[in-house]
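Undergrad: I am attaching a structure below and will ask some questions about it afterwards.
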Amino acid sequence: RSVHYCCHMLLRFGKTTLFFGRRRSIAAYYCSSAVILSLGRYTTAAATTTSSLLSSLATSHQHRKMTNLTFQQIIPAPHTNTTNANTASSSSTPLPRSSHGLSIIHNGTLLVLYGGEHIARTPIHNPSQVLWLAKRMTGTESWQWIVPTTTNAAITPPSRVAHAQAAVGNTIYIFGGRNGIEMGENAMNDMWMLTVHNETTTTTTTITAKWTQINASSSNDTPSVLPEARSFHKMIAIGSNLYMFGGCGARSGRLNDLWKFDTLTHKWTNLGVSHVLRGRGGPNILSLAQDEKIGIVGGFAGEETNDGHVYSISSSSDGVGSWEEEGMKGLEEMRPRSVCCFASLPMVNKCVIFGGEVDPSQKGHEGAGGFERDVVILDGTSGSVLENIKPSSGNEDEEEEWPGNRGWADATVHEDTMYIFGGLSGDDESPIRLNDLWQCKVSP
């Protein structure tokens, strides 16, 4: 009876922790599960004592690698300014879309959403829908959608889908993508940068955006040695450099090459192909070991994959680095997938992969395959899988406070928080594009 009372109190405590407030910690679910498991052992072995039960609970809790996740949907206020020709919009919020880019700048107060497709395989062309900003209002948790004033409207990138996007400081860089319907149609290898200025007076706030095309060259000043035009590749920023991997090439099909772009010199360096990974689109590219290594995980290589390979940036004195001899270990627990949301969080020494496509569509890019909504936690040094976290089945409150299944979305990260926008859901019979915005706080 004493054991039963102890478990009853622990379960009450777990339930209180679990459902207190609208933002809840997933770790509490693990606590409750551990108690239930311990109770199960008691019912099968009546001789179990209170002390051994608590010891078992403590041991179970101690050996579980717990990560706290707090999801919250962000619903920015609609865009209201329609007085300027460059900002006039037929809509006050972004169209639902997939295969777009998302970045965050200005110390986590400004999200930059660019490009993508609202209709399958068709880049968004409407100038008032291509570029959106979500601004966090000063001193609050409230956000607002804004269509920025473009200072040089005559100089803007061609509309595109499936480009790569990353931020260095407060500057956004986009590379490649395509602006035609077919996979290889009008694939691009152009590099653009976007600077966003926030001008605030005592009465008004004006946000302006300026596009500049970069005339890039290769590290040996040979213009022909540049990345092949491609789409569905991925890119991250480490320091002042951009690292871009894979994608679907206009000439070569699926690619497995890694490139570095120096944003100070505007030069590309070919870092070579992975001798472990097949060419692929929609991979995850992660910063590992405090920005000393790059991990490539998953992607679509004719099938969904869960393999990986690490490139060591600092393995040579010339800064070129090298691929490791063998592939990444410890990825077996992750279901094979592609076109996920991913983020590296060095302040907690972990990486995050959210959702993605786990079953390819039978209609290709016209349809929608099978998608996940789980969060895969990876070690920030090795890239091996630590945990796979899902919302608890049957818990309606948590189901509502967790993003739905999706792939072809994009994410960005600031400190301990990952932001996710849009993507593709549904199935082949009824594909659904999304325009919801979420944040996910991650803590050890």
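Any read-out appearing in this document is the output of simple, stated calculations on the displayed coordinates, not a laboratory observation. What you see is a predicted model; the values in this text were computed from it and never measured. Cβ placement follows ideal geometry from the backbone for every residue including glycine, while neighbour counts extend to all protein chains displayed.
Undergrad: Give, in nm to one decimal, the length gained when the segment between residue 303 and residue 390 is fully stretched (0.36 nm per residue of separation minus the Cα-Cα distance).
TA: 29.0 nm
Undergrad: So, one more: In sequence order, what are the phi-derived ³J(HN,Hα) couplings for the stretch 325-332 according to the Karplus relation 6.51 cos²θ - 1.76 cosθ + 1.60 with θ = phi - 60°, rounded to whole Hz, with x for glycine and proline?
TA: 5, 10, x, 5, 9, x, 9, 4
Undergrad: Using modelled amide H (1.01 Å from N, peptide plane; none on Pro or chain starts), what sits under 5 Å from the amide H of residue 272, excluding residues fewer than 5 places away?
TA: Those lying under 5 Å, H to H, from residue 272 are 258.
Undergrad: Still on this model: For residue 342, which sequence-distant residues (separation of 5 or more, or a different chain) have an amide H within less than 5 Å of its own amide H, given hydrogens modelled in the peptide plane?
TA: 354, 411
Undergrad: Give, rounded to the nearest 20 debye, the magnitude of the charge dipole that the stretch 267-329 has about its Cα centre when Lys and Arg contribute +1 at Cβ and Asp and Glu contribute -1 at Cβ.
TA: Working: 5 positive and 9 negative charges, 37 e Å.
Dipole of the stretch 267-329, to the nearest 20 debye: 180 debye.
Undergrad: With r defined as the distance between the Cβ atoms of residue 80 and residue 219 and R0 fixed at 41 Å, what FRET efficiency is calculated, to the nearest 0.05?
TA: The value I calculate is 0.30.
Undergrad: If I stretch the segment between residue 240 and residue 373 completely, what's the gain in nm (0.36 nm per residue apart, minus their alpha carbon distance), one decimal? Let's see the in-between values first.
TA: Numbers: separation 133, 0.36 × 133 = 47.88 nm, distance 3.24 nm.
Here the answer is 44.6 nm.
Undergrad: How high is the FRET efficiency from residue 212 to residue 270, r the C-beta distance, R0 30 Å, rounded to 0.05? Intermediate results must be reported in sequence, preceding the final value.
TA: Values: r = 24 Å, r/R0 = 0.80.
Step by step, r from the Cβ atoms, then E = 0.80.
Undergrad: Please sort 301-312, 94-105 by packing, taking for each peptide the average over its residues of neighbouring beta carbons within 10 angstrom, highest first.
TA: 94-105, 301-312
Undergrad: Here is a further query. Taking every pair of Cα atoms in the stretch 337-379, average 1/r, invert it to obtain the Kirkwood radius, and report Rg/Rh to two decimals.
TA: A ratio of 1.13.
Undergrad: Restricting the calculation to Cα positions, tell me the Rg (one decimal) and the Dmax (whole number) of the stretch 118-170 in Å.
TA: Answer for the stretch 118-170, Rg first and Dmax second: 13.8, 40 Å.
Undergrad: Under the 0.36 nm per residue contour assumption, what length would be gained going from the current alpha-carbon distance of residue 362 and residue 432 to full extension? If you can, show how the numbers build up before the last one.
TA: Numbers: separation 70, 0.36 × 70 = 25.20 nm, distance 1.56 nm.
Using 0.36 nm per residue and subtracting the Cα-Cα distance, I get 23.6 nm.
Undergrad: Quick one: what are the phi-derived ³J(HN,Hα) couplings along the stretch 91-106, Karplus 6.51/-1.76/1.60 with θ = phi - 60°, whole Hz, x for glycine and proline?
TA: 9, 9, 9, x, 4, x, 7, 9, 6, 10, x, 9, 9, 10, 9, 6
Undergrad: Per-residue counts of other Cβ atoms within 10 Å, averaged by peptide: what ranking do you get for 146-152, 67-73, highest first?
TA: 146-152, 67-73
Undergrad: I would also like to ask the following. Could I have the simple spin-label model distance between residue 140 and residue 382, label points 7 Å from Cα toward Cβ, reported in nm to one decimal?
TA: So the two model labels end up 4.7 nm from each other.
Undergrad: Determine the principal axes of the Cα atoms in the stretch 286-437, then give the extent along each, sorted from largest to smallest and rounded to whole angstroms.
TA: If we take the Cα atoms of the stretch 286-437, the spans are 53, 34, 25 Å.
Undergrad: Per residue of the stretch 278-285, in order, report the coupling 6.51 cos²θ - 1.76 cosθ + 1.60 (Karplus, θ = phi - 60°) as ³J(HN,Hα) in whole Hz, putting x for Gly and Pro.
TA: My calculation for the stretch 278-285 gives 6, x, 7, x, x, x, 9, 10 Hz in order.
Undergrad: Okay, moving on. For the stretch 359-444, count all C-alpha to C-alpha pairs, find those more than 15 Å apart, and express that count as a whole percent of the total.
TA: 66
Undergrad: Under 5 Å between amide H atoms, partner at least 5 residues away or on a different chain: which partners does residue 234 have, H built in plane at 1.01 Å?
TA: Correct list: 245.
Undergrad: Using R₀ = 30 Å, calculate the FRET efficiency as 1/(1 + (r/R₀)^6) where r is the Cβ-Cβ separation of residue 322 and residue 397; round to 0.05.
TA: Values: r = 49 Å, r/R0 = 1.62.
Once the sixth-power term is evaluated, E becomes 0.05.
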